[in-house]
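Working notes, structure below.
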Amino acid sequence: MATQFILIDRDTPYILPPCVQDYLPEAHMARFVVEIVEQLDLRRLSAVYAGKGKRPYHPAMLLALLFYGYATGVFSSRKLEKATYDSMAFKYICANENPDHDTINSFRKRFGKEIESLFVEILVLAEALGLLKLGTVSLDGTKIKANASKHKALSWDYANQLEAQFKQEVDTLMKLAEAADNAPLPEDMDVPKELKRRQDRLAVIAKAKQDIQARAKARYEQEKAEYDEKLAKREKHLRETGKKMGGKAPQAPSEGPQANLTDEESRIMPTSNGFEQAYNAQASVDIATHLIVAHHVTQHTNDKQEIEPTLAKLGQLPECLGTVGNLLADTGYFSQGNVQACGKAKINPYIAQQRQRHNPSLEARHQHRPEIDETALPPLEAMTHRLSTKAGKALYAKRKSTVETVFGIIKHVQGFRQFHLRGLKSVQSEWNLVCIGWNLKRMHVLRA
């Protein structure tokens with residue numbers, strides 16, 4: 001008996017449902033995003049419009065478009081524009097309108113600061129829906145590629161080499177211009193244009209050299225302080241025990257920062273794929289719900305300086321969200337100053353003091369210290385004891401399954417591995433959109 005297939009009919013005319021409300025099922029995430037945006041206070045955005053010229057798209061529609069795009073892995077303004085033609089979810093959000101990519105990108109850049117303030121509003125809505133109550137947060141950072149190539153990075157030596165080359169070429173062009181009356185120039189050579197190009201590059205290189213010198217000084221001072229601290233610790237250990245401390249001796253800091261000609265505020269950073277031109281994106285994740293409750297972007301290649309900015313962000317959260325009682329972080333955040341800063345913020349730190357083995361021995365896994373009253377201990381000793389108790393080990397173990405899981409999904413499922421904007425301020429705004437997109441995606445799952 002012949003198989004009866006469903007007929008492929010591309011000629012019979014059909015029409016879409018007459019109402020966009022019929023485009024999607026009731027539980028679709030696009031509906032949830034629109035519902036959340038409708039509850040936000042958008043007066044700061046709408047008040048900016050002057051009411052002159054061509055009628056603009058409503059900020060609520062463009063916000064929902066960006067939020068849903070970043071929640072589902074559509075980040076480019078051109079791809080967002082295309083999605084308004086191809087995807088029923090984006091058609092629903094835009095009510096069958098099709099904002100062009102220039103409009104989308106201009107809105108994203110123009111209102112970056114205002115959109116950042118909406119991050120906390122969405123957390124307040126999550127609390128009102130019964131989805132969030134702060135208690136313990138897990139902090140970590142991830143390197144995200146900048147919208148710039150590491151091959152456009154300029155070192156001090158290479159900057160001097162290029163500067164000398166361009167100066168020599170300028171001299172050559174000037175001599176050619178002076179001799180133009182007596183000797184013909186090559187047909188394809190435009191001397192004024194070539195001169196302007198090299199003079200412009202010389203101006204860029206001069207500025208880059210200033211940046212390189214400033215960064216070299218700042219980095220050297222920071223690394224010198226860390227180097228001196230490590231040496232003092234080793235000398236103290238030698239005096240007290242009569243034995244040298246194990247491990248490699250610290251290396252003295254050296255010069256060598258670079259400036260990037262495409263995104264001068266990005267930095268060369270170590271990643272799992274080698275060194276990349278990147279930014280260091282930070283996120284604090286509530287371990288109970290996996291919602292991001294604080295975030296920022298930094299140019300620092302390591303995480304040691306990111307505890308205090310994080311504590312400041314957590315301290316600004318509304319009281320209705322609850323109180324952060326514990327902060328989990330890996331060894332990259334450890335310093336005595338960071339432990340003390342957590343204590344001043346009335347937050348219990350759980351920061352590893354050394355890298356932990358992936359497969360600890362049976363004895364190490366089941367060896368626990370008893371619970372004691374830590375109030376009489378100095379902050380560092382109290383944290384060290386806390387991490388060695390059964391409850392402390394169990395709580396710290398949740399770090400990897402929270403914030404690292406969030407980063408993994410953002411990078412490998414949603415596909416956000418590179419910023420689309422340039423400059424620290426713009427990159428911070430885009431990371432805010434990424435975090436809002438993740439929170440909306442997570443809130444939709446939690447509510448269901």
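The values are calculated or read from the model by the stated rules, or taken from the named source; none is laboratory data. Just so it is clear, the model here is predicted, and its values are computed rather than measured. We place every Cβ from the backbone using ideal geometry, glycine too, and count neighbours over all the protein chains shown. Please note that ligands, DNA and RNA were not included when accessible areas were found on the heavy atoms of the full protein model with its side chains. Shrake-Rupley method; radii C 1.70, N 1.55, O 1.52, S 1.80 Å.
Counting only protein heavy atoms and a 1.4 Å probe, region 396-448 has 41 square angstrom of accessible area per residue. Using the Cβ-Cβ distance between GLN316 and SER401 with R0 set to 22 Å, the FRET efficiency works out to roughly 0.25.
Extension gain ALA60-MET88, at 0.36 nm per residue separation less the Cα-Cα distance, in nm?
Working: separation 28, 0.36 × 28 = 10.08 nm, distance 1.82 nm.
Full-extension gain reported as 8.3 nm.
Of TYR279, TYR23, the order by accessible heavy-atom surface (1.4 Å probe, DNA, RNA and ligands excluded), from most exposed downward, is TYR23, TYR279. For the set THR289, THR3, solvent exposure ranked by accessible area (probe 1.4 Å, protein chains only) runs largest to smallest as THR3, THR289.
Taking label positions 7 Å along the Cα-Cβ direction at both ASP11 and LYS243, the computed distance is 9.0 nm, reported to one decimal.
With the simple spin-label model, which puts each label point 7 Å out from Cα in the Cβ direction, the GLU308 to GLU169 separation comes to 4.4 nm.
Modelled this way, with points 7 Å down the Cα-to-C-beta line, the labels at GLU226 and ARG110 are 4.2 nm from one another. Taking all protein chains as they are arranged and a probe of 1.4 Å, the heavy atoms of THR405 leave approximately 50 Å² accessible to solvent. Given their separation in residues at 0.36 nm each and the Cα-Cα distance between them, ALA391 and THR3 gain 133.4 nm when the chain is fully extended.
Cβ neighbours within 10 Å, averaged per peptide: list 58-66, 377-385 in order, most packed at the top.
In decreasing order of mean packing, 58-66, 377-385 become 58-66, 377-385.
The loop-placed GluC sites (Glu not before Pro) in region 22-60, going by DSSP, that have at most 11 neighbouring Cβ atoms within 10 Å of their Cβ come out as GLU26. Listed cross-link partners LYS143/LYS207; LYS145/LYS425; LYS150/LYS425 are compared with a 23 Å cut-off, the Cα-Cα value being larger for LYS143/LYS207. Each part gets one Cα centre, and for region 390-435 versus region 134-148 those centres are 4 Å apart. For TYR350, the solvent-accessible surface with a 1.4 Å probe is about 20 Å², rounded to the nearest 10.
A Förster radius of 51 Å, combined with the Cβ-Cβ distance separating ASP41 from GLN210, puts the computed FRET efficiency at roughly 0.75.
Distance between Cα centroids, region 320-350 to region 23-69: provide it in whole Å. The distance from the Cα centre of region 320-350 to that of region 23-69 comes to 36 Å. Of all lysines in the structure, those lying under 18 Å Cα to Cα from LYS346, and not within fewer than 8 positions of it along the same chain, are LYS133, LYS313. Largest first, the residues LYS82, LYS244 sort by 1.4 Å accessible area into LYS244, LYS82. Taking a Cβ cut-off of under 15 Å around HIS412, the surrounding Lys, Arg, Asp and Glu residues balance to a net charge of +4, with basic ones at +1 and acidic ones at -1. Maximal additional length on extending the VAL124-ALA27 stretch stands at 32.8 nm, based on 0.36 nm per residue less the C-alpha distance.
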